[in-house]
Every structure is written in structure tokens, then in C-alpha cells.
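Worksheet: one structure, shown below.
The values are calculated or read from the model by the stated rules, or taken from the named source; none is laboratory data. All figures in this text were calculated on a predicted structure; none of them were measured in a lab. Heads up, the Cβs are rebuilt from the backbone with ideal geometry, glycines too, and the neighbour counts pull from every protein chain shown.
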Amino acid sequence: MGAVRYLITGGSGYIGSRLTEILGAREETERIVNLDIRPPASPHAKADFVRGDVRDFGAIRDLLERERPGALVHMAFLLNRIRDEARMYDIDVNGTETVLRAAAEAGIQQLLVTSSATAYGAFPDNPKPIAEDWPVRGQPDFSYARHKAEADRLCQLWALEHPDRVMTIVRPSIVFGPNVDNYISRGWEKSSFMPIMDGVDEEFQLVHEDDVVSAIAGLLDAKAGGAFNVAGDGVLRWGESAQMIGLRTRKISLKTVRRIYAVAWALHAPRIESPPGNLDFIRYPWVVSNHKLKAAIGWEPSADTREVFVETMYAKGLMATPPSRAREPATTG
């Protein structure tokens with residue numbers, strides 16, 4: 001393999017920083033450009049930071065034409081700032097459209113974009129598990145999932161318009177691990193109870209933060225085009241996860257919880273960090289299959305959903321017993 005250059009948008013986040021470490025450790029990696037609004041916590045010898053905005057078409061196109069990366073990894077998106085929906089849409093959807101347009105004009109041959117399993121939405125008619133050919137429907141009243149579905153469809157369209165290039169769409173399940181700190185992980189810390197809605201204790205999945213990075217690196221190496229779910233093996237139920245950290249559960253109707261969340265969200269209650277539409281992801285199924293990823297690149301997760309949950313909750317001080325085993329990095333064939 002000859003010298004390789006990468007450009008990563010949003011490379012200062014934890015996933016981007018870990019990907020930079022892995023790619024930067026390779027002899028064949030010549031240079032990594034990290035485009036972000038803030039510098040990384042730890043600089044890397046082969047990585048150069050460029051401050052920039054993914055919505056600035058001219059600057060992105062000029063950077064791509066100047067650097068000529070062999071692969072462009074687009075990871076810049078908002079997760080926690082979900083109250084400012086207009087700004088979130090502008091960065092997640094318009095920013096993705098801008099990066100794709102710039103990549104097309106600059107002649108970039110390989111793109112990898114991080115989407116999300118939330119792009120499928122949580123619906124009563126979702127299959128269990130969801131394979132990559134299932135439509136991404138988003139969630140009507142949950143902006144994060146709706147925007148992810150729109151950005152995902154933009155990537156699918158780009159792939160159809162550029163059949164001679166590689167477009168890889170990565171759809172992780174909930175990403176956990178000791179370094180994760182977002183509104184999802186804080187949900188177990190801040191909630192006074194776990195709602196079991198309409199008498200249904202639904203299943204959910206987790207994937208370790210390092211396993212997401214290993215999947216991205218493996219897909220880049222393989223130049224594997226198409227969409228790929230990334231999830232740990234196994235599932236947990238919401239009620240079961242609550243019991244594991246001593247959080248009580250309460251049987252309640254989805255309609256009632258939605259009403260409570262809507263009022264709390266409108267009043268900016270500190271414990272409520274997501275709008276009521278997020279509740280559908282507790283009430284309805286959205287478990288995804290990881291078989292396509294395993295078959296394509298020989299990827300195997302280093303920890304299953306239960307193990308990832310235990311490691312994360314222990315790191316947050318919500319479980320007294322440490323993980324039962326030392327975790328090895330995920331592997332790719």
C-alpha cells in the first residue's frame with residue numbers, strides 16, 4: 001500500500017481522536033488533516049488541525065483540492081445541543097450536503113460518513129433485527145433522528161450519482177464506553193426512574209466507542225461501499241439496565257410520559273435533556289443486525305451490549321463492581 005492521506009471532519013471528538021491515533025500509527029499514513037471548530041485535546045505527529053466550518057463550501061472545496069486526501073471521513077455533527085434545532089439541522093444536514101458537494105467537485109474517490117441507527121427510527125413495525133436495506137425513516141418529533149435520516153439519504157443519493165466512487169455509510173447503535181458523556185449516557189444518572197411504557201420492556205443495543213473506531217478503520221481499509229450497521233452482540237432491556245444500577249422502574253403509558261416530558265422540556269428542566277420524541281426509542285424496537293459488517297471485513301466486537309453497559313456505568317460510578325474481564329480491542333479480518 002502506498003502513502004495515504006486522510007481528511008477527517010469533526011476529528012477533535014473522542015471517536016475522531018481515536019481514529020487519528022489508529023491511522024496515524026500506520027507507516028503508510030502520510031498525513032491526517034483534522035477539520036473541526038476546536039483543536040484536539042492531544043495533538044498527533046502526523047495530524048494537522050485546521051479550524052473550519054463544514055457549512056463553508058468554498059473553504060471545504062479548497063481544502064480538499066489542496067490536500068487531495070485518499071479518503072474523506074465526515075464525522076462532524078451535533079448530539080448534545082438538541083434544543084437549538086435550526087443550528088443542529090444546519091450543521092448535520094446542510095453541513096453534510098456541503099461536504100458531499102465539495103467532495104464531488106474536488107474528485108474525492110472515497111468517502112465515509114457516520115450516520116446512526118436512530119436514522120431507522122423506532123416504530124412498531126420495525127423488524128428485529130433491522131438490516132441495512134430497511135428504509136431510514138427517522139422520527140417525526142425527534143430532531144436528531146430525523147436529521148440523521150435526511151443526511152443518510154443525501155449520502156445514498158451521492159453514491160447513486162457517483163457509482164465510480166466509494167461511499168460508506170456507518171450506522172452505529174448507542175455508543176457507550178468510559179469516555180462517553182452525552183445526554184444518553186447521562187440519562188441513567190439523572191433519571192429518577194426508568195419508564196416501562198405501555199407494559200413493554202423493549203430491547204436496546206450498545207457498541208463500545210473503541211469498536212466503532214475499529215469498524216471505521218476496517219471499512220476504510222477495505223474500501224467497502226454501502227451502509228453498515230455497527231452494534232455489539234446481544235441486547236439488554238431498559239428495565240433490566242435500570243435494575244443493574246439500582247434505578248427503580250415505573251409502569252406508565254407512553255402518552256402520559258410524553259405529556260410529562262413535553263412540559264419538562266418546555267420549562268428547561270435540568271434532568272430532561274431530550275425532547276419527548278426520544279421516548280419512542282424506549283417504547284418501540286430499533287435493534288440492528290451487525291452481520292453485514294462482520295461478513296464484509298471480519299469485524300468482531302470486543303464486548304457485547306451487557307459488557308459495554310457495565311464498563312460505562314462503572315466508569316460513571318453507578319456500579320460498584322468493575323467489569324469482569326479485561327477488554328481487548330475489536331478485531332477486523
Residues of the stretch 205-255 classified as assigned to a loop (DSSP other than H, G, I, E, B) and in contact with a helix residue (DSSP H, G or I) (Cβ under 6 Å, 6 or more places away or on another chain), total: 6
Close pairs (7 angstrom Cβ cut-off, 6 or more residues apart or separate chains): crowded, with 17+ Cβ neighbours inside 10 Å in the stretch 309-320, among the charged types (D, E, K, R) and outside any helix (DSSP H, G or I) anywhere: Glu311/Arg327
Sole residue being in a helix (DSSP H, G or I) and either modelled with pLDDT of 95 or more or surrounded by fewer than 17 Cβ atoms within 10 Å (Cβ to Cβ) (or both), chosen from Arg31, Arg66, Arg26, Arg38: Arg66
Which listed residue is farther than 26 Å from Ala76 by Cα, surrounded by fewer than 18 Cβ atoms within 10 Å (Cβ to Cβ), modelled with pLDDT under 95 and of a type outside the set (Val, Ile, Thr), from Lys255, Lys251, Lys190: Lys190
Breaking point among (1) touching a Leu at 6+ places or on another chain (Cβ under 8 Å); (2) surrounded by 19 or more Cβ atoms within 10 Å (Cβ to Cβ); (3) part of a helix (DSSP H, G or I); (4) not β-branched (Val, Ile, Thr), for Asp152: (1)
Subset of the stretch 87-119 (residues that are assigned to a helix (DSSP H, G or I) and of a type outside the set (A, V, I, L, M, F, W, C)): Arg87, Tyr89, Asp90, Asp92, Asn94, Gly95, Thr96, Glu97, Thr98, Arg101, Glu105, Thr118
Top-ranked residue in the stretch 290-306 [being in a helix (DSSP H, G or I) and under 17 Å from the mean Cα position of the chain (by Cα); ranked as farthest from Ile216 (Cα to Cα)]: Thr305
Residue within the stretch 200-216 that is under 16 Å from the mean Cα position of the chain (by Cα), of a type outside the set (A, V, I, L, M), over 21 Å from Lys148 (Cα atoms) and surrounded by 18 or more Cβ atoms within 10 Å (Cβ to Cβ) present: yes
The stretch 269-312: number of residues that are among the small types (Gly, Ala, Ser), under 19 Å from Ala122 (Cα atoms) and at pLDDT 95 or above: 1
Residue list for the stretch 155-176, filter: surrounded by 22 or more Cβ atoms within 10 Å (Cβ to Cβ) and assigned to a loop (DSSP other than H, G, I, E, B): Ser173
Condition check for Ala122: of a type in the set (A, V, I, L, M), surrounded by 15 or more Cβ atoms within 10 Å (Cβ to Cβ), part of a loop (DSSP other than H, G, I, E, B) and touching a residue at least 40 places away in the same chain (Cβ under 8 Å): yes
Candidate set from the stretch 268-283 (those that are of a type in the set (A, V, I, L, M, F, W, C) and closer than 20 Å to Met88 by Cα); member that is surrounded by the most Cβ atoms within 10 Å (Cβ to Cβ): Phe281
